[in-house]
1. Among the numbered criteria (1) in a loop (DSSP other than H, G, I, E, B); (2) among the small types (Gly, Ala, Ser); (3) modelled with pLDDT of 70 or more, which one does Ala184 miss?
2. Look through segment 131-143, keep the residues that are of a type outside the set (S, T, N, Q) and closer than 22 Å to Leu88 by Cα, and return whichever of them is modelled with the lowest pLDDT.
3. Being within 30 Å of Gly174 (Cα to Cα), among the hydroxyl-bearing types (Ser, Thr, Tyr) and not in a loop (DSSP other than H, G, I, E, B): is that true of Thr12 here?
4. Which fully enclosed helices (runs of 4 or more DSSP H) of segment 19-133 have 3 or more residues being charged (D, E, K, R) and either touching a residue at least 40 places away in the same chain (Cβ under 8 Å) or surrounded by 12 or more Cβ atoms within 10 Å (Cβ to Cβ) (or both)?
5. Hey, could you check segment 29-49 for residues that are modelled with pLDDT of 90 or more and more than 13 Å from Leu5 (Cα to Cα) and say which is farthest from the chain's Cα centre (by Cα)?
Amino acid sequence: MRFKLKYQDNKTLGIQYVGNSVICVRMLDETTKGGNQKQTYVCTISRWDTELPQHAIQLLNKAEVEEWKAWKTAHDAAFRRKQLEASLNTLPLTLSYAATALTEQGCTVGESRKAAIWAALDAFNRALLNAGVDRPSPARGRLPSIKLASPEIGLPIMPNLEQLGSPLECAYRGIVERYKALQARYAATKSDTD
């Protein structure tokens, strides 16, 4: 049994992305003229289903149901790993903007949010120590200030990317690069006119 994720086309962006459906195909003992193993379509299910739907249970045998359970476990683990990796990669920028919100924008933090923020920071600090990520020694002299663009002229909002390295994520990175190039070109033309 093979479980194939279905890719869908986004004609606006000109990219492909992973859809929500999984095609279940049964591998046959025969081969094609090209030497590939023949396969036959069995059913289509949602990749987010926690249990097989009734129509799929009727079409699959017990061994194939067990194969689906193993595939589902591996799929969910890989998806979670990529989500967590994306969260870790965006953390420095998120914390920088949060620090800016507290210093520049005069945002206030309620009592319930204070406790939640400090609990999250303490848990993250413990996780860093347990993972062996030591704090780098501070540089000598004054700490560098972090200059962030205001949200109106900053980068486009990053979508909730489910898979790093996916066509959707690559397209987003391309959009960000084009956006940065346009900003640089605009800044250059503005300085030429001044």
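The values are calculated or read from the model by the stated rules, or taken from the named source; none is laboratory data. Because the structure is a prediction, the values reported are computed rather than measured. Cβ atoms come from the backbone with ideal geometry, glycine included; neighbour counts cover every protein chain shown.
1. (1)
2. Once the filter is applied, the top-ranked residue is Pro138.
3. No; evaluated as a whole, the condition is false for this residue.
4. 62-103
5. Across segment 29-49, the extreme among qualifying residues is Lys38.
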